[in-house]
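Since the structure comes first, as structure tokens, the remarks are kept for the end.
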Amino acid sequence: RVMTRGGWIAMKWLRSTYPGPALADFLRRRGMSLPPRERAYWGFIARVPLESGPGGSRPAWAGQ
């Protein structure tokens, strides 16, 4: 829920509580359950290439 509904403070907590490899593992296993925008954001943060559906591609500045 933090990944989809959390504010900035909740996202900072998530990143400080769970190491990058744990986030990456979650995204690989369950990432498709996230909405496209959140999937793209967390994939970028965790440096995990994820498929994005319509409306959820990575922004141009992310350097795909």
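Things worth noting here:
- In region 33-48, the residues that are open to solvent by 20 Å² or more (accessible area, probe 1.4 Å) and either more than 10 Å from the chain's Cα centre (by Cα) or under 13 Å from Thr4 (Cβ atoms) (or both): Ser33, Pro35, Pro36, Arg37, Glu38, Tyr41
- Cross-chain or 6+ apart pairs with Cβ under 7 Å, region 37-64 first and modelled with pLDDT of 85 or more, then of a type in the set (Lys, Arg) and not in a helix (DSSP H, G or I): Ala40/Arg58; Phe44/Arg58
- Residues being surrounded by fewer than 16 Cβ atoms within 10 Å (Cβ to Cβ) and either within 8 Å of the chain's Cα centre (by Cα) or within 14 Å of Thr4 (Cα to Cα) (or both) - total across region 16-32: 2
The values are calculated or read from the model by the stated rules, or taken from the named source; none is laboratory data. What you are looking at is a predicted structure, and each value in this text was computed from that prediction instead of being measured. Every residue, glycine among them, receives a Cβ derived from its backbone with ideal geometry; neighbour counts consider all protein chains shown. These area figures cover heavy atoms from the full protein model, side chains too; ligands, DNA and RNA do not enter into them. Shrake-Rupley method; radii C 1.70, N 1.55, O 1.52, S 1.80 Å.
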